[in-house]
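These notes concern the structure reproduced below.
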Amino acid sequence: MLFHDNIISCIGGVIEPPTYCLVIPFCEGGDLAGALTKPTDPGFLRRVSLGVGRGMGYLHSHGVMHRDLKSANVLLDGSGVVKISDFGLAVRAPESSQTQRGMTAETGTYRWMAPEVRLTAGHPSSRPGLGTLSAPPHHCDRGTGR
């Protein structure tokens with residue numbers, strides 16, 4: 001299991017057909033996409049950028065590729081703490097370029113992908129660069145979230 005302040009925790013789940021769901025804490029601040037439709041405080045961009053960076057750094061240090069980082073998947077708790085969520089497309093990072101077969105650049109939300117992921121012809125690196133990490137903060141700065 002992964003435990004970090006900037007990663008949403010899983011409280012439980014339901015696995016009784018036809019119902020399958022995860023139970024996560026309620027995040028009073030909603031998602032980043034919704035937060036960007038309202039006025040934000042002066043430290044908002046910095047706080048979101050640091051939270052996303054720390055959370056993604058933790059995931060990558062544990063060999064996890066999120067593959068769908070976007071404003072709708074960044075939640076804010078009641079104190080404004082960033083919580084990265086929606087791990088439906090997450091996978092273990094490949095050990096080397098030799099083991100990347102079966103991974104495609106088409107996984108995730110296309111317009112949120114880092115350019116290096118889109119341009120690698122179906123063979124994304126296990127370590128996408130700053131393009132992936134910069135998407136949510138960029139949308140904070142531009143005032144868009146979807």
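Considering each of F3, F44, F26, F87 in turn, give the residue that is open to solvent by less than 80 Å² (accessible area, probe 1.4 Å), aromatic (F, W, Y) and more than 12 Å from the chain's Cα centre (by Cα).
Of F3, F44, F26, F87, the one residue that is open to solvent by less than 80 Å² (accessible area, probe 1.4 Å), aromatic (F, W, Y) and more than 12 Å from the chain's Cα centre (by Cα) is F44.
Can you spot a residue in the range 6-19 that is buried (at least 16 other Cβ atoms within 10 Å of the Cβ) and either of a type in the set (G, A, S) or without any contact (Cβ under 8 Å) to a residue 12 or more places away in the chain (or both)?
no
Scan the range 66-75 and tell me whether some residue there is free of Cβ contacts under 8 Å to residues at least 12 places away in the same chain and open to solvent by 20 Å² or more (accessible area, probe 1.4 Å).
No, the range 66-75 contains no residue that is free of Cβ contacts under 8 Å to residues at least 12 places away in the same chain and open to solvent by 20 Å² or more (accessible area, probe 1.4 Å).
Just checking, how many residues over the range 45-70 are under 17 Å from E95 (Cα atoms) and either in contact with a strand residue (DSSP E or B) (Cβ under 6 Å, 6 or more places away or on another chain) or in a loop (DSSP other than H, G, I, E, B) (or both)?
Final tally of qualifying residues: 5.
Here are the criteria: (1) more than 20 Å from L2 (Cβ to Cβ); (2) surrounded by 12 or more Cβ atoms within 10 Å (Cβ to Cβ). Tell me which single one G78 does not satisfy.
G78 satisfies every listed condition except (2).
The values are calculated or read from the model by the stated rules, or taken from the named source; none is laboratory data. Bear in mind the structure is a predicted one, so any value in this text is a computation, not a measurement. Counting neighbours? That spans all protein chains shown, and the Cβs are built from the backbone with ideal geometry, glycine included. Surface areas here come from the heavy atoms of the whole protein model, side chains and all, with no ligands, DNA or RNA. Shrake-Rupley method; radii C 1.70, N 1.55, O 1.52, S 1.80 Å.
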